[in-house]
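Working notes for the structure below.
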Amino acid sequence: MGVLQLEAVAKRYGDRVLFRDVTWQLGGRERVGLVGPNGIGKTTLCRLLAGEEAPDAGRIGRARDETIGYLPQEVAGEATGSVLGAVLAAFPEVWTLERELERTAARLGTDETLTARYGDLQHRFEALGGYRLETEARVLLGGLGFRDPDLGRPLAEFSGGWRMRAALARLLLRRPAILLLDEPTNHLDLESLAWLEGHLEAYDGAVVVVSHDRYFLNRMVTAVAELSPEGLQLYPGDYDAYLAQRGARAALLEARARNQAGRVAEIERFVERFRYKATRARQVQSRIKMLERLPRIERQGPARRIRFAFPAPPRTGRSVVRLEGVHKAYGATVVYAGVDLEVERGERVALVGPNGAGKSTLLRLVAGVLPPDRGERTLGAHVSAHYYAQHQVAALDPARTVLEEMEAAAPELGRTRLRTLLGAFLFSGDAVEKTVAVLSGGEKARVALARMLVRPAPLLCLDEPTNHLDLAARAVLEDALEEFEGTLVFISHDRYFINRLATRVVEVRAGRLTSHLGGYDDYRAALARPPGTAEAGTAPPSASPHRPPAGRPDAAAARPVRRRVAPEVRALRARLEALEAQIHALEARLGELGAALADPALYTDGDRARAVAVERRDAEEQVAWLLHEWETLSEALAAHE
């Protein structure tokens, strides 16, 4: 029996039906990703599950004594007390008991009859976790990015994103049987995200998460629940498995609909042919009744795939932008004391590092919107830069409509193409006629991003461009940036986005820059190597690090030459050949697993589907590791030869 059951649940607001007939049973250790387009009702469903709203129809049943914890997208109410105090405030009965313990202890010397009472209070305090709560709270806050000196500071001094982290720590400290997390990754940096994934993986309870972070969903969930106006459809496996299953299901439904349409047309021809023949009257009536009773298979319209291609920017010189000996400080706080960075034509550089390390400062220095205190910023030939950050919304005209803002940026494109682009950024229908003044902060940020991208410069500097975009809109942006012919420097906490676009990751930490070739997974693999191990793809920031990403190993690279070969060279070649064999075998297995995941029959066995999805993910990670090792050994072999 599940810990949570929904039976034919429906919810509407006025004339608008969000969803109907949602039936679902959530198990005690499940990890479910709740997905669906923006506005479909994912947050509303979470509020229903948490008991903060009531359904219009149907029933929600919960197992007796099971607790539910809900993290909304935004924290409501005033921030009171210190960071640590706000987290510990989730247990008022414990701290009431602690005060009573202190009062009783103070009276023990004058009243010996209180000894039994004190012992009883101690047992209750220990049973409620009083002795462990503060230690656990400190661990949770540290994992979510708070430093020890921050814990005693007033929570009101922190931004909304940090307050959300404190709210998440408070929720995790409570250990509810069911965790409902609505966009928990929005305000986390990469290190905190990795910590949260590890914590949730070991969490002893059910987790339902709404997220637009595809990487997070692939790592965390064991099933995906897709919400639509008609109800909720459950798919076993991670997000990639869900996409494969949904595609296979849509193809199967389309085939069944075609077959039914052919059968219906055949019956209708029979009826039309023999309608007025008395000898066939009974057969005609039988077929008419058959058509009336036949449940029609509804064809799903093809998924609307919006594509947007950037205009080609002017071709630049090889060196696009260079920072040399750059210093930057804010008052007494020194962010950089003489850093160097060069970005070359065609590179896609992701800046990563903990919050407060100086990533946004570095991006603004690269973009030229922030002057260095000392040092030089040099642009290459024919280079101009566009900079995007969410505060760029101040440049929008509040009196213009969304469409008028776009027309002002690119009048030559015409309204039809501009409407298509705005659709990719979640503005469709009458929404394009809203004035900027009435838009939410997130909507203004999307307009500012769309306005900049409609006519890009050769160098794009983007600070968190995927914020406020759902998965479909992110895919549109990823497609467009992947085909962009210019140079890109960006900050993102979306690891899938980094993996898909980055050719180099620059880690910003303690005022130093370290470059790693490849995407996020390549960067994490480099960090995981023991100290002193050669890191394939690592280059000093001042070097010229641009090169094509590693592809399939070329067997000819390790072919023996006709001369005396040193033992270390023979060993390198032997290891390279073994690696190539492993890589080719794994790639063949990945092809088999991909075919299995595309087969609808696989999903009749949920355990088997999950096992195949996990095996594919493990194989992909192993291939990535082997490719890194292959590149390291190839460079070592080239050095010897």
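Points to keep in mind about this one:
- For the stretch 228-239, filtered to residues that are at pLDDT below 90 and over 11 Å from Trp24 (Cα atoms), the residue that is farthest from the chain's Cα centre (by Cα) is Glu230.
- The stretch 398-421, subset under 24 Å from Asp463 (Cβ atoms) and of a type outside the set (A, V, I, L, M, F, W, C), residue surrounded by the most Cβ atoms within 10 Å (Cβ to Cβ): Glu405
- Which listed residue, of Ala472, Ala457, Ala395, is more than 28 Å from Thr316 (Cβ to Cβ) and either surrounded by fewer than 20 Cβ atoms within 10 Å (Cβ to Cβ) or among the aromatic types (Phe, Trp, Tyr) (or both): Ala472
- Cβ-Cβ distances below 9 Å connect the following pairs, each with a first residue in the stretch 509-522 that is surrounded by fewer than 23 Cβ atoms within 10 Å (Cβ to Cβ), a second residue that is charged (D, E, K, R) and assigned to a strand (DSSP E or B), and a separation of six or more residues or different chains: Leu513/Asp340; Leu513/Glu507; Thr514/Glu507; Ser515/Arg504; Ser515/Glu507.
- Out of Asp120, Asp65, sole residue that is of a type in the set (D, E, K, R) and either assigned to a helix (DSSP H, G or I) or within 30 Å of the chain's Cα centre (by Cα) (or both): Asp120
- Residues that are of a type in the set (D, E, K, R), in contact (Cβ under 8 Å) with a residue 60 or more places away in the chain and either surrounded by 15 or more Cβ atoms within 10 Å (Cβ to Cβ) or in contact with a strand residue (DSSP E or B) (Cβ under 8 Å, 6 or more places away or on another chain) (or both) within the stretch 63-104 comprise just one, Glu66.
- Unmet criterion (only one of (1) of a type outside the set (A, V, I, L, M, F, W, C); (2) at pLDDT below 90; (3) within 26 Å of Asn218 (Cα to Cα); (4) out of contact with any Gly (no Cβ under 6 Å at 6 or more places or on another chain)) for Gly2: (4)
- Leading residue by the ranking (surrounded by the fewest Cβ atoms within 10 Å (Cβ to Cβ)) among those in the stretch 477-490 that are in contact with a helix residue (DSSP H, G or I) (Cβ under 7 Å, 6 or more places away or on another chain) and over 22 Å from Leu426 (Cα atoms): Leu488
- As a summary of the residue check, Leu200 satisfies the conditions (1) in a helix (DSSP H, G or I); (2) loosely packed, with under 15 Cβ neighbours inside 10 Å; (3) in contact (Cβ under 8 Å) with a residue 60 or more places away in the chain except for the one numbered (2).
- Test for Ala588: is it modelled with pLDDT under 70, assigned by TED's automatic domain parsing to the domain that holds Ser634, assigned to a helix (DSSP H, G or I) and hydrophobic (A, V, I, L, M, F, W, C): no
- Check on Asp554, modelled with pLDDT under 85, more than 27 Å from Glu324 (Cβ to Cβ) and surrounded by fewer than 21 Cβ atoms within 10 Å (Cβ to Cβ): yes
- Residue under evaluation Val393, criteria (1) touching a helix residue (DSSP H, G or I) at 6+ places or on another chain (Cβ under 6 Å); (2) of a type outside the set (Lys, Arg); (3) part of a strand (DSSP E or B), criterion not met: (3)
- Those strands (runs of 3 or more DSSP E) lying entirely in the stretch 463-535 with at least 2 residues within 22 Å of the chain's Cα centre (by Cα) and over 27 Å from Arg345 (Cβ atoms): none
The values are calculated or read from the model by the stated rules, or taken from the named source; none is laboratory data. If you're wondering where the values come from, they're calculated on a predicted model, not measured in any experiment. All Cβ positions, glycine included, derive from the backbone under ideal geometry; neighbour counts span all protein chains shown.
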